[in-house]
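Here is the structure we will look at, set down as structure tokens.
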Amino acid sequence: MNKERVVLSGMRPTGPLHIGHLFGALANWKRLQDEGYRCFYMIADYHALSTEYASMRQTKYYTEEVAIDFISAGLDPEKSTIFVQSMVPEHTELHLIFSMIVPTPWLERNPVYKEQKKQLIEKDLNTYGFLGYPVLQAADILIYKAGYVPIGIDQLPHLELTREIAKRFNYLYGDTFPIPEALLTETPKIPGTDNRKMSKSYNNCIYLRDAADVIKEKVSKMFTDPKRVYKKDPGHPKTCPVFIYHKIFNSGSAEQIERECRGAVIGCTDCKRELGEMLARYLGDIRDRRKSLEKDKKSLWYILNKGAERARKVALATIKETKKKAGLCYE
Ligand code: TRP
Ligand code: SF4
């Protein structure tokens, strides 16, 4: 089957986006958009519901924030279809059809499912919907017949299930869906300011919406090489998150910093000041674009409504075809 050049990916609206999302995902999404792929980028609010169902008060706010982050990071609503999942109800129809053909052991043995149930103990995730999380994700991807899915490694087991579901549908009802491939990001993972994984719950993120002085303040408190107590001690940039940031954001002078850190020439305070200023400048353009969208929610919802309309056209055609193939056609 011709995969065309259709791309789909999504993020859950469970918080504002940080620089990990920018380099881990959005930069990749933008590249695909600019290379002329037909891109669908979705805010997965139903997926948020699957774990946050008891506390959805913030979801509308986060949905708007994520949409603003998408656009200000360079996703162009003229080129890419940017939309909210629950505004395209055909996703749920395809999810239901898939749910009839997916054997439950496929879902129960999914490592992401097992891991999350263990980790998110404060939530009751013994629900039908949470078990079916990857089935909905398969519907998200296959309803656009996407051949390419830019995701992080952590999402690979979900994509594997999408591929299995597509094959099973094709086997039962005839060739319908392409077997999509993951497009993994090549950028190294950005650590949090404390050198742990960057995560909202660790309070160690630099957000796209942070003001310049907030960024500088956060960077000034960053974790550095613990073996370097005094300026005269040689540093170990390879294990220092400040240096990892320098390498990503400051390709020009990263080599010099590496040399001066090892040779105990540059001190950590100066090294961080330089990074803070650069990062604030780097994120400045995004922040400027953010400001105009924040003020004009009407335009934002205009974009999201248009996106949903465009997505629905494709989704509707697939759902018609799918129902017909599965024997649900009464015309
Ligand atoms: N599960 C993804 C995440 O947590 C979000 C998502 C939902 C998604 N549907 C998708 C990603 C479809 C890629 C394709 O990040
Ligand atoms: Fe890290 Fe910079 Fe200090 Fe070296 S000089 S340890 S790279 S903060």
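The values are calculated or read from the model by the stated rules, or taken from the named source; none is laboratory data. Keep in mind that what you see is a predicted model, and the values were worked out from it rather than measured. Heads up, the Cβs are rebuilt from the backbone with ideal geometry, glycines too, and the neighbour counts pull from every protein chain shown. Note: areas computed on protein heavy atoms with side chains; ligands, DNA, RNA excluded. Shrake-Rupley method; radii C 1.70, N 1.55, O 1.52, S 1.80 Å.
Of all residues in region 280-297, exactly one satisfies the criterion of being outside any helix (DSSP H, G or I) and surrounded by fewer than 17 Cβ atoms within 10 Å (Cβ to Cβ), namely ASP296.
The C-beta contact set for region 226-243 (first residue farther than 18 Å from ARG273 by Cα, second residue more than 6 Å from ligand 2 (Cβ to nearest atom) and among the acidic types (Asp, Glu), distance under 9 angstrom, 6+ apart or interchain) comprises LYS227/ASP233; LYS238/GLU258. If the condition is being open to solvent by 10 Å² or more (accessible area, probe 1.4 Å), in contact (Cβ under 8 Å) with a residue 12 or more places away in the chain and within 25 Å of MET198 (Cα to Cα), then region 23-48 contributes PHE23, GLY24, ALA25, ALA27, ASN28, LYS30, ASP45, TYR46.
You will find that of VAL242, VAL265, the residue that is open to solvent by 80 Å² or more (accessible area, probe 1.4 Å) and either away from ligand 1 (no atom under 16 Å from the Cβ) or under 30 Å from the mean Cα position of the chain (by Cα) (or both) is VAL265 and no other.
Report whether or not ILE141 is within 21 Å of LEU32 (Cβ to Cβ), modelled with pLDDT of 95 or more and not in a loop (DSSP other than H, G, I, E, B). Spelling it out, ILE141 is indeed within 21 Å of LEU32 (Cβ to Cβ), modelled with pLDDT of 95 or more and not in a loop (DSSP other than H, G, I, E, B).
Taking every residue in region 5-21 that is free of Cβ contacts under 8 Å to residues at least 40 places away in the same chain and open to solvent by 20 Å² or more (accessible area, probe 1.4 Å) and pairing it with any residue that is within 10 Å of ligand 1 (Cβ to nearest atom) and β-branched (Val, Ile, Thr), at least 6 positions away or on another chain, the pairs with Cβ-Cβ distances below 9 Å are ARG12/ILE43; ARG12/THR51.
Beta carbons closer than 8 Å, at least 6 apart along the sequence or on distinct chains, pair a first residue in region 161-186 that is in contact (Cβ under 8 Å) with a residue 60 or more places away in the chain and under 12 Å from ILE143 (Cα atoms) with a second that is open to solvent by 10 Å² or more (accessible area, probe 1.4 Å) and of a type in the set (Ser, Thr, Tyr) for PRO180/TYR148.
Evaluate the following for ALA25: is it farther than 23 Å from THR318 by Cβ and out of contact with any strand residue (DSSP E or B) (no Cβ under 9 Å at 6 or more places or on another chain)? Criteria not met by ALA25. Taking the criterion of being more than 21 Å from the chain's Cα centre (by Cα), of a type in the set (Phe, Trp, Tyr) and at pLDDT below 95, would at least one residue in region 224-231 satisfy it? Among the residues of region 224-231, at least one is more than 21 Å from the chain's Cα centre (by Cα), of a type in the set (Phe, Trp, Tyr) and at pLDDT below 95, which makes the answer yes. Applying the condition of being over 19 Å from GLU181 (Cα atoms) and charged (D, E, K, R) to region 111-140 and asking which residue is least open to solvent (accessible area, probe 1.4 Å) yields LYS123. The set of residues from region 102-117 being charged (D, E, K, R) and either closer than 19 Å to ILE153 by Cβ or part of a loop (DSSP other than H, G, I, E, B) (or both) comprises ARG109, LYS114, GLU115. Taking the criterion of being in contact with a Lys or Arg (Cβ under 9 Å, 6 or more places away or on another chain), more than 16 Å from ligand 2 (Cβ to nearest atom), open to solvent by 30 Å² or more (accessible area, probe 1.4 Å) and not in a helix (DSSP H, G or I), would at least one residue in region 313-330 satisfy it? Yes, region 313-330 has at least one match.
Checked against the criterion of being under 21 Å from ALA25 (Cβ atoms), hydrophobic (A, V, I, L, M, F, W, C), out of contact with any Lys or Arg (no Cβ under 8 Å at 6 or more places or on another chain) and open to solvent by less than 90 Å² (accessible area, probe 1.4 Å), region 187-195 has at least one qualifying residue.
Residue check: is TYR148 touching an Asp or Glu at 6+ places or on another chain (Cβ under 8 Å) and either within 16 Å of ligand 2 (Cβ to nearest atom) or in the same structural domain as ALA44 (by TED's automatic domain parsing) (or both)? The answer is yes for TYR148. Can you say whether VAL219 is away from ligand 1 (no atom under 16 Å from the Cβ) and surrounded by fewer than 16 Cβ atoms within 10 Å (Cβ to Cβ), as far as the supplied structure shows? In short, no.
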